Amino acid sequence: MSEATVIEGMQPYLQPATCVDSDHPAVIEFAHRAAGGDGTDLEKTVRIYYAVRDEFRYDPYGVELTEFGMKGSTVLERGSGFCITKGALMAAACRAIGVPARLGFADVRNHLASKRMIELMQTDLFVYHGFVEIYLEGKWVKATPAFNLSLCEKFGTLPLEFDGRTDSVFHPYDADGNKHMEYITDHGSFADTPLDDIKASFVKHYPAMYSDEEQSGVLGDMEAEAIADGSKP
């Protein structure tokens, strides 16, 4: 048992939740495979980060605003996810190996997205951008396993690295020095995905993509759009 498991108040970040479904058999199998058999909690968590980042394609299209659609295990089933679901998978995998993890959310202004995505959203504000906070070596550390390496290469974006000791959040500039991400509003930390709040915010900010009746966003291919837009590899 790691030292963190006995710290008062840590239990919500160790136990299974609806979307951070660390008790799902596929999540447990993935967690132990990705973490490897040997090493410290920090070393295992870093391995999980890179597995989540690069084994699953980032796909902000077709987001299903249901419990099933937002589960970490659903990323395993579909082979893709977006920032919130990939974060849920990483948090679930960390909990499955006994490392406390929770979800963080913030509104960010995205200066690097496909033309079609911005046209559909009618804004460059991404609400409830999701990341993970992991308790390692006595402190909470942020990790953002959203953008897989191949997508970063197509967009000319610097891939986010994670060492388990320093926060890994989106860089303010891309590989060419252009503005990339700007954090606007911090929504705080959660033991599980606040699905109702996220759905209400998506419906409010992206009416062309979501409605109260429609549970899924429109479909698309972000990597193909990056190429079509002429983004540098």
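Points worth noting:
- Applied to the stretch 96-101, the Karplus parametrisation 6.51 cos²θ - 1.76 cosθ + 1.60 on θ = phi - 60° returns per-residue 3J(HN,Hα) values of 5, 9, x, 9, x, 8 Hz, with x for Gly and Pro.
- 3J(HN,Hα) along the stretch 123-134: 6, 9, 8, 9, 7, 6, 4, x, 9, 10, 10, 10 Hz, from the Karplus curve 6.51 cos²θ - 1.76 cosθ + 1.60 with θ = phi - 60°, whole Hz, x for Gly and Pro.
- Contour excess over end-to-end distance, with Cα ends at V203 and H32 and 0.36 nm allotted per residue: 57.9 nm
- Spatially close Lys pairs in the stretch 16-153, defined by Cα atoms under 23 Å apart and a spacing of eight or more places or different chains, total 8.
- Amide H contacts for M181 (H built 1.01 Å from N in the peptide plane; partners 5 or more residues away or on another chain; cut-off under 5 Å): H111, Y173.
- Highest mean packing comes first when the peptides 55-63, 116-124 are listed by Cβ atoms within 10 Å, giving 55-63, 116-124.
- Once backbone amide H atoms are built at 1.01 Å from N, T193 has C19, V20 as its partners under 5 Å, excluding neighbours fewer than 5 places away on the same chain.
Every read-out reported here was derived from the displayed coordinates using simple, explicitly stated rules and does not represent laboratory data. Everything numeric here is computed off the predicted structure, so don't read it as measured data. As a convention, Cβ positions derive from the backbone with ideal geometry for all residues, glycine included, and neighbour counts pool all protein chains shown.
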